[in-house]
Amino acid sequence: MMSTAKLQVKIGGMGCSFCAATIEKGLGRIEGVAGVHVSLAHEEALVTYDPKRVKSVTLTGTLQSLGYTVRDPDKIRTFEEEEAELRRERDRLIIAGAAAWVAFMAMFLMWSGRPHPWTLWILTILAFLMVFGLGLNFLKMAWASARRRILNQHVLMEVAAFGGLLGGAIGLVHPLFPSPDFFGVAVFVTAYHLLGNYASLLVRTRSSQAVKKLLSLQPPTARVVRDGSEVDLPIEEVRRGDRVRIRPGEQIPVDGVVEEGISAVDESLVTGESIPREKLPGQEVIGGSVNHSGTLLVRVSKVGEESFLRQVARHIQEARALKPGILLLLDRILVYFVPGVLAVGAAAFFFWTLGGWILFGLPDWDRAGFAALAVLVMGYPCALGMATPLAMIRGGGEAARQGILMRSAASFQAFKDVWVVVLDKTGTITHGKPQVVEVLPLNEWKSDELLALAASAEQVSEHPLGRAVVGRAKSGGLALDRVEDFEAVAGKGIRAVVGGRPVLVGTLRFLAELGVTTDALSEPAAEREARGGTVITVAVDDRAAGLMVLADAVKEDAAEAVAGLRRAGMEPVMITGDNERTARAVAGQVGIREVLAQVLPQEKAERVRAFQREEKRVAMVGDGINDAPALMQADVGLAMASGTDIAMESADIVLVGERLTAVVDAYHIARRSYRKTVQNLAIAFSFNGVGVPLAATGLVAPAWAMAAMAASVTAVMLNSFGGRLVPRHGKPPAAVRRVTLRVPSIHCQGCVTKIQETLGRLPAVVAVEGDPQTKQVVVTMRNGQAQWTAIEEALTRLGHVIGGD
């Protein structure tokens with residue numbers, strides 16, 4: 001039986017899905033390699049191999065020989081490193097542009113009959129410097145691909161460039177071949193390829209940086225108690241048996257058992273259950289959940305590969321390996337176009353030699369060579385390198401204005417073919433936090449009176465359910481009375497004195513244990529619990545006064561989003577780790593027919609694979625740690641930016657804010673961007689579709705190749721952005737307003753992220769952008785001034801002060 005190992009590496013230098021296919025072919029042909037998966041969006045490769053037959057150094061060496069850089073997947077590139085790469089490629093492009101301009105002026109002088117004695121030599125030197133200098137990396141990648149029988153855009157570019165060099169060199173000794181034109185083609189082909197490469201790099205880098213701004217890049221640590229003192233240690237140094245202290249509001253970094261303390265723990269991002277669980281000594285806690293109300297001392301029970309978070313990471317890795325590949329439209333065309341150009345060039349050569357000898361009795365060697373080289377230089381569609389990036393820049397800009405971050409061109413293309421959209425419940429369809437959804441008073445009590453009394457009693461409580469009650473009362477403008485003699489009873493409820501009257505708030509059993517008659521509450525409480533609600537009962541003066549129902553409230557736009565997905569031809573499916581009863585109740589509210597409940601994190605990815613085995617493209621929308629493997633497995637993963645870092649890192653698209661309708665917006669933007677890509681590719685290839693057959697006649701000069709280059713690039717750019725340059729008439733624009741706020745109290749990117757999350761929850765807010773350097777926040781919203789008060793109140797609740805707009 002073959003032993004297997006896995007090698008995961010970050011890859012630099014990938015520009016398109018054809019690069020991914022090149023890497024998969026290059027590594028897949030090595031003896032001992034069992035499987036290769038390359039993710040363009042995440043710039044990663046996962047290789048399964050037999051360590052007895054091939055070494056990992058051989059695999060990384062092959063990647064480097066293909067022209068790509070290799071780095072440790074655990075080391076995230078900094079903004080400075082990415083910006084340095086952008087500057088380096090931009091400088092190369094500027095130099096190439098200057099060289100192309102000099103070449104054009106030199107050729108213009110020759111065409112106008114005023115050649116300088118040095119003009120031809122200037123063109124010769126520029127052509128060789130461009131191909132073997134600025135374009136050397138392309139040459140290495142093309143050679144590495146060609147010798148492995150892989151034909152891609154780099155091979156096509158080098159074929160055109162070498163055709164220009166060869167034609168120019170022949171022209172130095174043969175007058176039939178116009179050397180300046182051929183050398184000029186080599187210069188322009190390389191310059192345009194550099195431009196396309198820079199456009200692709202710019203798109204990838206900017207989308208990557210946009211996601212990184214949302215992520216917490218600090219390494220995870222744990223507060224370990226040793227010898228009576230607390231020490232912050234990297235999570236890798238924590239050992240089984242260590243005791244870790246977790247304070248209120250902190251994420252629990254380890255799996256373990258509570259030794260001391262009582263607290264409510266929010267496990268929604270881990271298990272999918274939105275209502276926090278009370279944790280007592282002896283109970284287990286899971287790494288990744290959030291501690292709410294009290295300080296806990298936890299003894300570590302699992303470390304390393306045994307821990308929950310490491311298991312999730314392993315499931316993500318497996319999902320990445322099993323995720324279906326997406327070959328972009330451009331790359332599917334190139335599969336046939338590259339061999340086609342080479343075949344036409346060879347056919348032209350043999351037609352004017354062998355064909356000429358058969359038909360005319362004399363082979364025309366000059367015309368054959370000229371025709372073959374002309375086909376090669378005409379065969380490179382220089383606009384192809386920009387067709388997809390320009391469409392993505394346009395679509396990505398449109399998406400960003402609506403709070404949607406597209407991370408790759410593949411997400412544009414795959415989204416249009418999606419049949420099934422799998423939606424996580426907690427934090428995606430719902431807000432992910434308990435809210436009071438019903439107040440049921442008894443006897444002479446009124447709803448507002450009961451709520452105000454319960455909230456007054458709970459106002460010093462740290463329990464999430466108590467805070468939800470207080471939040472509901474304050475949002476309704478109810479006045480709270482002073483609370484005295486407050487006492488929290490772990491796992492049951494609280495008792496206090498409000499306005500001189502004893503008040504009990506807690507479970508039905510809690511009230512019964514204290515001698516309160518609860519017969520009138522039993523039946524309505526059971527009914528609401530059967531519908532998935534959490535019931536809190538209230539007693540005043542030792543008499544039952546009523547109950548409140550708390551639930552994870554459905555987002556205001558959830559039903560609209562589900563209806564929009566269905567209208568677009570996609571079937572929404574809800575998936576959750578929560579129980580069947582609660583899941584069905586939520587699904588019924590938003591109109592979802594198919595529900596997958598009590599699904600574990602690793603099972604979520606398997607459910608997505610089950611749809612994919614039915615030949616269906618699948619989109620997954622989630623926000624939690626438990627969603628990350630499924631987000632990676634799906635053809636298109638969409639993560640809510642209000643969720644966890646690991647979910648955003650696993651996704652292809654990130655939705656800033658809490659609008660679920662942004663999923664529908666992303667779908668329509670993806671479709672429009674794909675149509676724009678098709679148009680751009682049609683324009684790019686149309687020039688070559690006409691030029692290549694004409695070049696085969698031997699009557700088309702290389703100068704026409706340069707004209708086709710300039711015309712195709714111009715046409716593609718106008719098609720991508722021309723609509724923005726022409727005033728639009730007819731239908732008036734939507735009522736959208738952009739407001740710039742100066743918020744002097746912003747100190748860091750974390751402040752900006754929190755503001756984005758909070759304002760993004762407002763129904764009329766479309767997008768929120770912020771800059772900690774300028775201390776400005778730009779809010780795009782519908783209905784203009786109507787939402788100003790809500791924005792101001794939201795910022796005030798966060799503790800910020802608006803300095804002006």
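No value in this document is a laboratory result; all are computed from the given coordinates. Nothing here was measured: the structure is a model prediction, and the numbers come from that model. Here the Cβ is made from the backbone with ideal geometry for all residues, glycine too, and neighbour counts use every protein chain on show.
Principal axis extents of the Cα atoms in segment 431-571, from largest to smallest and rounded to whole angstrom, are 59, 30, 30.
Computed per residue of the chain from DSSP H runs no shorter than four, each worth -39500 (n - 2.57), the mean residue ellipticity at 222 nm is -15500 deg cm²/dmol.
A Förster radius of 45 Å combined with the Cβ-Cβ distance from Ala34 to Thr740 puts the calculated FRET efficiency at roughly 0.25. Round to a whole angstrom and tell me the spacing of the C-alpha centers of segment 42-68 and segment 491-519. Their Cα centres are 65 Å away from one another.
Taking 0.36 nm per residue of separation and subtracting the Cα-Cα distance, full extension of the segment from Trp357 to Glu556 would add 63.8 nm.
With 25 Å as the limit on Cα-Cα distance, the pairs of Lys25/Lys140; Lys433/Lys616; Lys474/Lys754; Lys279/Lys433 that go past it are Lys433/Lys616.
Taking one quarter of the surface of the convex hull spanned by the alpha-carbon atoms of segment 559-617 gives a direction-averaged projected area of 4.1 nm². Shown here is the pair-distance distribution of segment 609-730: with all Cα-Cα distances grouped in 5 Å bins from zero up to the longest one, the shares run 2, 10, 13, 12, 11, 10, 10, 10, 9, 7, 4, 2, 0 percent. In this simple spin-label model, placing a label point 7 Å from the Cα along the Cα-to-Cβ direction at both Arg148 and Arg501 gives a separation of 7.8 nm. Running Debye on segment 502-590 with equal point scatterers at the Cα sites and no solvent, what base-10 log of I(q)/I(0) appears at q = 0.10, 0.12, 0.16, 0.21 Å⁻¹? At q = 0.10, 0.12, 0.16, 0.21 Å⁻¹ the computed log10 ratios are -0.39, -0.51, -0.71, -0.95.
With 0.36 nm allotted per residue and the present C-alpha distance subtracted, the Val257-Glu792 stretch has 188.3 nm of extension available.
Taking GluC sites (Glu not before Pro) as candidate sites, keep only those in a DSSP loop with at most 10 other Cβ atoms within 10 Å, then name the longest stretch of the chain containing none of them.
In the chain, the maximal stretch lacking such sites is 32-443.
Between helix 447-458 and the chain there is an angle of about 90 degrees, using the helix long axis and the longest principal axis of the Cα atoms.
In plain terms, the chain from Val335 to Lys446 could stretch by 32.7 nm, reckoned as 0.36 nm per residue minus the Cα-Cα distance. In a DSSP loop and with at most 12 other Cβ atoms within 10 Å, the trypsin sites (Lys or Arg not before Pro) in segment 425-497 are Lys446, Arg482. Calculate the tail of P(r) for segment 406-501: the fraction of all Cα-Cα distances greater than 16 Å, expressed in %. Tail fraction, whole percent: 67.
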